[in-house]
Amino acid sequence: MRGFCIVDFERNETLCGMNRCPGWKRSIVRANWVVLPSVLLLWLSPSARADFSIAKGGKAKCVIVQQPKATLAESNAVRELAETLQKITGATFAIQGAEGDEAPKGASIVGVGSAARALFPEMALDKLGSEEIVMKVKGGRLLLAGGGPRGTPYAVYRFLQEQCGVRWWAPWATTIPNRRTLSVPNLAVRSQPAFEYRDPYWSAAFEPYWKVHNVANGGSRPVPEDLGGCIQYKGFAHTFYPLVPPDKYFGPHPEWYSLINGKRTHDNAQLCLSNPELRDFMVQRVKEWLRESPEARIISVTQNDCHGACQCANCKAIDDAEGSPSGSMLTFVNYIAEKIEPEFPNVAVDTFAYQYTRHPPGTLRARPNVIVRLCSIECNFREPLDHPSNAAFLADLQGWSKICRRLYVWDYVTDFAHYVLPHPNWFVLGPNLRLFQAYNVKGVFEEGAYAGPGAEMAELESWVLAQLLWNPRQDDRALTKEFLRGYYGERAEDIIWQYLELMHDASKGFNLRCFLGRDPPHLRFQPLAGAERLWQQAEVAASRETDPEKLMRVRMGHLPVRYACLKWWVPLRKECREQNANWPWLESRKATAEEFRAVCQGVPAKDWTQVKVLNEGGLQVDAFLKAFAQDTPDLDGPLPPQR
Ligand SMILES: [Zn+2]
């Protein structure tokens, strides 16, 4: 999903066609109505206060009861529950095994077992969905349990977050409140995630404990089984050539590769998807891969990261009949999915609707064991995906949602050309996930900055996305403010919120791609100078926090505005002069670059503070700053006297 993407944007926009489906507004309303009951069923009794006491005055009021057949992930969650409750209350919590159908009053029962079944028969615990969770207080006992391999750990972590106030902002930033007296109300929660596959793909979101605490289950970065595991892919993207390597097979079988302009080629090309021999060879290759990786639940059979679809008569006939190159792709993938199903009934075959295949076919349907990942790479991320500027994508989303039962989305949430640059997409995260849910999307991969720390709002987007992937009906702006307060501190919260609003407002009307386009209005002098002043204020505010890490986080948050100042120094100086305005940065670009370098160097032994890579292409900090090693005088003379 890189490299060729930039040049293909413009062409693709015209390929994708118009909104073909006038009925989409009706179906979205209907879809909303259907999905709501599955999101969260919560009822609290307002009259019942302090229904279950966990600790009083630093003394434990409950014991934790573990089920006899608890998995390693479940017993780890039990231990973490006891340790975290101890940190909150100062009390020590005993862990004991369940004895038959019994558990004493004051028990926090964790997991599904005979005691939970006997004491909470109304919860039908054996019918819980694979990640469905229960938090229930009854008869002086608390039950935390869930279905499948991760449900019970998730119930524990959601309980600690929702009921006890714990927040896992980033692997290096956790909030654990201090409450010597802690009780929870008369809970009766039964909920399940809105999406079966949830993957905020930011380097801040790779750490396995962070993932399980924030209920992210994507397999792009694995979670070990003793923490509950994840949904494992075999291959993940662009697997055509790993499955059918041209250096081995192009020689004997050129006919397996694309025919382009009358010539078989493997250069910037794909496979000849209608070739029957290739199809059967691919079935064998997929089976080999799956036998090597029995843990995989999804195998990626996905196009290369370029165009180059086969133009042979047979491929073209399918694509012409279906009105899209997704015709031959889906025919191919359906065939493989059908052939592997007897041996691998629990595995889905995944393919892309990406660039030239984004437009759905006219008559085909995806088999039930096929996942289509629809990719939003061409879209405008300043606006939600149902904005008129994204009409072609919305039409494709609607089209695929009608013909694919397991539709996933590969979404883009950073600027890949400039990770460390203001990228005001934060207010579309919630609307877009709600849109995906309304169209019955089952999984979402949110591709952010994955090469290391320092990217614009990386921790914020990781955390907010993880919350919304579990339940997109939450107030995304409230979640954003909550994160700012928790991560940057209450003194800087409002100032950084103003920065988010400033950049959002200043980018109005701009087509915000995931690779920066020309002349972004939010990077002109006036908004950027305003942003600079806000970050300076935020640094002063955060310097008054007792936790010195808050200031480090704010200084890193400031980097994107400084990056913009350095990169566009000359035109910004020109604008400043024309507007007779005050220049908020240092007078020396070299000194500004040195400030930038000092923040990027971070602190020894704290990897998250060390910024090394500035874009997807791997641009290093030193290479970026090299151009600013010497100051040069302003071409039009110095700025007017500053007020
Ligand atoms: Zn062909």
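The values are calculated or read from the model by the stated rules, or taken from the named source; none is laboratory data. Nothing here was measured: the structure is a model prediction, and the numbers come from that model. Glycine gets a Cβ as well: all are built from the backbone with ideal geometry, and neighbour counts include every protein chain shown. What goes into the accessible areas is simple: the full protein's heavy atoms, side chains included, and nothing from ligands, DNA or RNA. Shrake-Rupley method; radii C 1.70, N 1.55, O 1.52, S 1.80 Å.
Values computed for the structure shown
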read-out: Among residues of the stretch 473-504, those that are open to solvent by 80 Å² or more (accessible area, probe 1.4 Å), in contact (Cβ under 8 Å) with a residue 40 or more places away in the chain, of a type in the set (Asp, Glu) and in a helix (DSSP H, G or I), counted; value: 0
read-out: All positions within the stretch 324-362 that are over 27 Å from the mean Cα position of the chain (by Cα), under 20 Å from Asp305 (Cβ atoms) and part of a loop (DSSP other than H, G, I, E, B); value: Ser324, Pro325
read-out: Matching residues in the stretch 598-618 - criterion: being assigned to a loop (DSSP other than H, G, I, E, B) and touching a strand residue (DSSP E or B) at 6+ places or on another chain (Cβ under 7 Å); value: Lys612
read-out: Residues being open to solvent by less than 30 Å² (accessible area, probe 1.4 Å) and modelled with pLDDT of 95 or more - total across the stretch 81-103; value: 8
read-out: Residue check, Glu595 in a helix (DSSP H, G or I) and among the acidic types (Asp, Glu); value: yes
read-out: Answer from Val156, Val189, Val137, Val215 - the residue that is in a loop (DSSP other than H, G, I, E, B), hydrophobic (A, V, I, L, M, F, W, C) and touching a residue at least 12 places away in the same chain (Cβ under 8 Å); value: Val215
read-out: Residue within the stretch 442-461 that is on the phi < 0 side of the Ramachandran plot, surrounded by 24 or more Cβ atoms within 10 Å (Cβ to Cβ) and among the hydroxyl-bearing types (Ser, Thr, Tyr) present; value: no
read-out: Every residue from the stretch 143-162 that is more than 18 Å from Val464 (Cα to Cα) and open to solvent by 10 Å² or more (accessible area, probe 1.4 Å); value: Gly148, Pro149, Arg150
read-out: Residue within the stretch 505-520 that is open to solvent by 20 Å² or more (accessible area, probe 1.4 Å), on the phi > 0 side of the Ramachandran plot, at pLDDT below 95 and not β-branched (Val, Ile, Thr) present; value: yes
read-out: Residue match in the stretch 530-547 (condition: surrounded by 21 or more Cβ atoms within 10 Å (Cβ to Cβ), in contact (Cβ under 8 Å) with a residue 40 or more places away in the chain and part of a loop (DSSP other than H, G, I, E, B)); value: no
read-out: Options Ala478, Ala506: the member that is farther than 25 Å from Gln610 by Cβ and out of contact with any helix residue (DSSP H, G or I) (no Cβ under 9 Å at 6 or more places or on another chain); value: Ala478
read-out: Scan of the stretch 253-312 for residues that are surrounded by 20 or more Cβ atoms within 10 Å (Cβ to Cβ), aliphatic (A, V, I, L, M), within 15 Å of the ligand (Cβ to nearest atom) and in a strand (DSSP E or B), ordered by number; value: Leu259, Leu271
read-out: Filter result for Ala564 (under 17 Å from Glu456 (Cα atoms) and surrounded by 13 or more Cβ atoms within 10 Å (Cβ to Cβ)); value: yes
